[in-house]
Amino acid sequence: MTSDIITAKDLKKMDPVFGQHSFDDHEQIVFCNDKDTGLKAIIGIHNTVLGPALGGTRMWNYANEWEALNDVLRLSRGMTFKSAITGLNLGGGKAVIIGDAKTQKTPELMRRFGEFVHSLSGRYITAEDVGMTTEDMDTVREVTPYVTGISESKGGAGNPSPITAYGVFMGMKAAAKFKFGSDILEDKNIYVQGIGNVGEALVEHLVNEGANVTIADISQERLEEVRSKYGVTIYGGNDIYSEDMDIYAPCALGATINDDTIYKLKAKVIAGAANNQLAEEKSHGLILQERGIVYAPDFLINAGGIINVYAELENYDRQEIMRKTENIYNTTLEILDNAKVNNLTTHNAALNIARERIETRKRENLK
Ligand code: NAD
């Protein structure tokens with residue numbers, strides 16, 4: 001889930017926290033430890049100008065603590081810009097729990113994590129991310145109200161993944177419209193890398209639209225399951241980046257667009273759910289621009305999930321969730337046009353608008 005280009009050795013050379021490569025004026029970083037449950041977590045609060053820092057918790061078997069810290073710094077920063085560009089009154093935060101979600105996650109560990117979240121008095125509000133389920137959020141809810149993404153039966157908005165997938169689908173259609181002149185995805189060759197909660201729901205939209213979908217995942221079981229449900233093709237090669245395709249949809253890891261992959265890419269459009277797809281935002285954004293590959297910024301098109309959980313805080317209904325998520329289509333087209341007109345990378349065009357919204361609010365708050 002972390003950048004491919006920064007090695008643990010590189011990270012160790014830097015100052016422990018404020019000097020980290022991915023540190024970007026984060027407001028607060030909280031290290032949480034509980035010997036009894038084995039909890040080791042880091043909560044990153046990047047920016048709270050627009051509102052409380054909301055972002056999911058990821059449980060992942062990180063190679064070391066540096067990798068976990070780098071991940072939480074990158075992810076929490078991304079949440080700030082995601083909420084800002086989506087027009088939500090939320091700041092950016094994220095949490096990581098170090099460990100294997102399949103073998104080390106227990107209700108006691110989740111409750112203890114929830115107590116740490118509670119100790120921040122609402123500055124950070126959590127939700128699910130990779131390695132987490134709606135049921136885990138229900139467990140966290142037992143000890144703190146500062147959690148979203150809880151079950152519908154418990155008054156929550158439920159699993160955000162289908163909404164995230166719908167938003168990605170909207171962003172992908174907008175990017176197709178920009179690149180190919182039409183947003184109809186019928187007969188387009190689309191590779192979906194990672195067919196977890198979001199990836200599978202995206203596959204369903206694409207198949208319904210008549211796209212030629214190829215799927216890749218590290219789990220053979222998932223591949224077979226999704227193929228049998230939707231009749232898609234399982235990728236049989238060993239270098240997905242070099243394949244001829246119209247659209248590449250990264251829905252597994254971050255940083256898959258990196259020094260090793262970027263010049264191999266034959267895709268004409270990149271539009272997927274994974275957070276932090278560009279290992280290096282500036283240089284890789286620029287190379288994609290030079291190569292004429294249309295990149296739909298991840299933090300813009302994968303905002304469906306946050307729109308969904310935000311409904312729990314603002315009490316808006318399903319119709320409003322869908323309206324806001326559908327609007328990702330318009331925002332994506334605007335950003336892609338803006339990038340073209342101003343000769344910017346699409347990532348920077350999106351970032352500028354998000355930053356401007358935060359700066360405006362900051363000035364208003366000072367009045
Ligand atoms: P998930 O854990 O359900 O699915 C991830 C899938 O990727 C799994 O099937 C896993 O086997 C596969 N995978 C892992 N490493 C891989 C590799 N090297 N190659 C191919 N496949 C690999 O996660 P998810 O909830 O579907 O989220 C997918 C991505 O979207 C993540 O990066 C997440 O941060 C991001 N995202 C999710 C949401 C949401 O609502 N769930 C919202 C915004 C962003």
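The values are calculated or read from the model by the stated rules, or taken from the named source; none is laboratory data. What you are looking at is a predicted structure, and each value in this text was computed from that prediction instead of being measured. FYI the Cβ positions are ideal-geometry reconstructions off the backbone, even for glycines, and counts take in every protein chain you see. Keep in mind that these areas ignore ligands, DNA and RNA; they rest on the heavy atoms of the full protein, side chains included. Shrake-Rupley method; radii C 1.70, N 1.55, O 1.52, S 1.80 Å.
What about Ile97, is it closer than 28 Å to Asp10 by Cα, surrounded by 24 or more Cβ atoms within 10 Å (Cβ to Cβ) and more than 15 Å from the ligand (Cβ to nearest atom)?
Numbers: closer than 28 Å to Asp10 by Cα: yes; surrounded by 24 or more Cβ atoms within 10 Å (Cβ to Cβ): yes; more than 15 Å from the ligand (Cβ to nearest atom): no.
When the stated conditions are applied, Ile97 does not pass them.
Yes or no, residue by residue, for (1) of a type outside the set (D, E, K, R); (2) under 21 Å from Asn302 (Cα atoms); (3) surrounded by fewer than 20 Cβ atoms within 10 Å (Cβ to Cβ):
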position: Asn212; (1), (2), (3): yes, no, yes
position: Asp217; (1), (2), (3): no, yes, no
position: Leu223; (1), (2), (3): yes, no, yes
position: Lys229; (1), (2), (3): no, no, yes
position: Tyr235; (1), (2), (3): yes, no, yes
position: Asp239; (1), (2), (3): no, no, yes
position: Asp244; (1), (2), (3): no, no, yes
position: Tyr248; (1), (2), (3): yes, yes, no
position: Ile257; (1), (2), (3): yes, yes, no
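I'm trying to understand the selection: among the residues of segment 106-143, which are part of a loop (DSSP other than H, G, I, E, B) and crowded, with 20+ Cβ neighbours inside 10 Å?
Within segment 106-143, the first condition is being part of a loop (DSSP other than H, G, I, E, B), and the residues that meet it are 106, 120-123, 127, 129-133, 142-143.
If the condition is that a residue be part of a loop (DSSP other than H, G, I, E, B) and crowded, with 20+ Cβ neighbours inside 10 Å, then Ala127, Asp129, Val130, Gly131, Met132 are the ones that fit.
Is there a residue being part of a strand (DSSP E or B) and either within 24 Å of Gly167 (Cβ to Cβ) or more than 9 Å from the ligand (Cβ to nearest atom) (or both) anywhere in segment 194-211? If you could, list the steps in order and put the result at the bottom.
Step one: filter segment 194-211 for residues part of a strand (DSSP E or B), giving none.
Taking every residue of segment 194-211 in turn, none turns out to be part of a strand (DSSP E or B) and either within 24 Å of Gly167 (Cβ to Cβ) or more than 9 Å from the ligand (Cβ to nearest atom) (or both).
Could you check how many residues of segment 223-243 are on the phi > 0 side of the Ramachandran plot and modelled with pLDDT under 95? Even if it seems obvious, please write down each step before you answer.
First, the residues of segment 223-243 that are on the phi > 0 side of the Ramachandran plot: 231.
Now narrow it down to the ones that are modelled with pLDDT under 95: none.
Qualifying residue count, segment 223-243: 0.
Give just the number: which of (1) within 13 Å of the ligand (Cβ to nearest atom); (2) closer than 17 Å to Leu185 by Cβ; (3) over 22 Å from the mean Cα position of the chain (by Cα) does Met245 not satisfy?
The single condition Met245 does not satisfy is (1).
Residue under question is Glu312, and the condition is that it be open to solvent by 60 Å² or more (accessible area, probe 1.4 Å) and either at positive phi or within 16 Å of the ligand (Cβ to nearest atom) (or both); does it hold?
Values: open to solvent by 60 Å² or more (accessible area, probe 1.4 Å): no; either at positive phi or within 16 Å of the ligand (Cβ to nearest atom) (or both): yes.
It is false that Glu312 is open to solvent by 60 Å² or more (accessible area, probe 1.4 Å) and either at positive phi or within 16 Å of the ligand (Cβ to nearest atom) (or both).
Which one of Tyr316, Tyr263, Tyr310 is hydroxyl-bearing (Ser, Thr, Tyr) and not in a loop (DSSP other than H, G, I, E, B)? Full working, then the answer.
On the way: Tyr316 fails: not in a loop (DSSP other than H, G, I, E, B); Tyr263 fails: not in a loop (DSSP other than H, G, I, E, B).
Within the list Tyr316, Tyr263, Tyr310, the selection yields Tyr310.
Being out of contact with any Ser or Thr (no Cβ under 6 Å at 6 or more places or on another chain) and either within 13 Å of the ligand (Cβ to nearest atom) or at pLDDT 95 or above (or both) is the requirement here; does Asn189 meet it? Spell out the reasoning first.
Details: out of contact with any Ser or Thr (no Cβ under 6 Å at 6 or more places or on another chain): yes; either within 13 Å of the ligand (Cβ to nearest atom) or at pLDDT 95 or above (or both): yes.
Yes; evaluated as a whole, the condition is true for this residue.
For the subset of segment 259-309 comprising residues that are more than 16 Å from the ligand (Cβ to nearest atom) and of a type in the set (Lys, Arg), which member is most open to solvent (accessible area, probe 1.4 Å)?
Lys282
Scan Ala311, Ala267 and give me the residue that is under 20 Å from Gly167 (Cβ atoms) and modelled with pLDDT of 95 or more. Full working, then the answer.
On the way: Ala311 fails: modelled with pLDDT of 95 or more.
It is Ala267.
Within segment 144-171, restricting attention to residues that are outside any loop (DSSP other than H, G, I, E, B) and more than 14 Å from the ligand (Cβ to nearest atom), which residue is surrounded by the most Cβ atoms within 10 Å (Cβ to Cβ)? Even if it seems obvious, please write down each step before you answer.
Step one: list which residues in segment 144-171 are outside any loop (DSSP other than H, G, I, E, B), which gives 147, 152-154, 161-171.
With the extra rule that they be more than 14 Å from the ligand (Cβ to nearest atom), the set shrinks to 147, 152-154.
On the way: Val147: 27, Glu152: 10, Ser153: 9, Lys154: 12.
Top of the filtered list is Val147.
Check off (1) at pLDDT 95 or above; (2) of a type outside the set (Asp, Glu); (3) within 25 Å of Arg58 (Cα to Cα) for Ala175 and give me the number that stays unchecked.
(3)
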